[in-house]
1. How many nm separate the modelled label positions at Thr100 and Leu11, each set 7 Å beyond the Cα in the direction of the Cβ?
2. Want the number for Ser29 to Asp72: 0.36 nm per residue separation, take away the alpha-carbon distance, what's left?
3. Can you work out the Karplus-derived ³J(HN,Hα) for every residue in the stretch 106-112? Use 6.51 cos²θ - 1.76 cosθ + 1.60 with θ = phi - 60°, whole Hz, and x for glycine or proline.
4. Compute for the chain: radius of gyration divided by Kirkwood radius, i.e. Rg/Rh, restricted to C-alpha atoms, rounded to two decimals.
5. Counting only residues 5 or more places away or on other chains, whose amide H sits under 5 Å from the amide H of Arg71 once H atoms are built in the peptide plane?
6. Charges only on Cβ, +1 for Lys and Arg, -1 for Asp and Glu: so what's the dipole of the chain about the Cα centre, in debye to the nearest 20?
7. Hey, what's the chain come to in accessible area per residue, 1.4 Å probe, Å²?
8. From the backbone phi of the stretch 2-10, what are the Karplus-calculated ³J(HN,Hα) couplings (6.51 cos²θ - 1.76 cosθ + 1.60, θ = phi - 60°) in whole Hz, Gly and Pro given as x?
Amino acid sequence: QVQLMESGGGLVQPGGSLRLSCVASGSISSIGYMAWYRQRAGEQRDLVASIMSSGRTNYADSVKGRVTISRDNAKNTVNLQMDTLKPEDTAVYYCNLLLTSPPKLYWGKGTQVTVSS
C-alpha cells in the first residue's frame, strides 16, 4: 500500500506564492507519473500539472507560466511551486501518483489553497 501526504496549502493574497509538497511512502516500486490536480467547489477535479519519470512536464493552460512542478525521485516527492496566485486558483489540491509495477493509481487526501484578500 502507498500513502501520499500533501502539505503547504493555506490562505494567500492574490499575487502571492505557495509551495505544495507531496511525499509518497509505503510499498513503492517504480513511480511513473506524479501530478497535481485541483477541484474547485462544485466542479470536477482537473489536472494542474504532471511530471513523468523522465522529467517531462505538462501544465494546464490556466497555470502555464505561474506554476512549476518538480520531483525528487530519491525522496519520492513531488512539489508544486505556485506564483502570482489568483482567486480562481482557490481549490483543494490533490497529489496523484501512478506506480508502473504493478500499475496502480493513488490519490492524496488533498490540501486546501485559498487565494483571497
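The values are calculated or read from the model by the stated rules, or taken from the named source; none is laboratory data. Please read all numbers here as calculations on a predicted model, not as lab measurements. Neighbour counts run over all protein chains shown; Cβ positions are idealised from the backbone, glycine included. Side chains are part of the model used for accessible areas, which takes the heavy atoms of the whole protein and leaves out ligands, DNA and RNA. Shrake-Rupley method; radii C 1.70, N 1.55, O 1.52, S 1.80 Å.
1. Each label point is offset 7 Å from its Cα along the Cβ direction, giving 4.3 nm.
2. So the extension gain works out to 14.0 nm.
3. 10, 10, x, 7, x, 9, 7
4. Radius of gyration relative to Kirkwood radius: 0.96.
5. The list, which skips near neighbours in sequence, is Asn79.
6. 180 debye
7. 52 Å²
8. Per residue, the Karplus-derived 3J(HN,Hα) values read 10, 10, 10, 10, 8, 8, x, x, x Hz.
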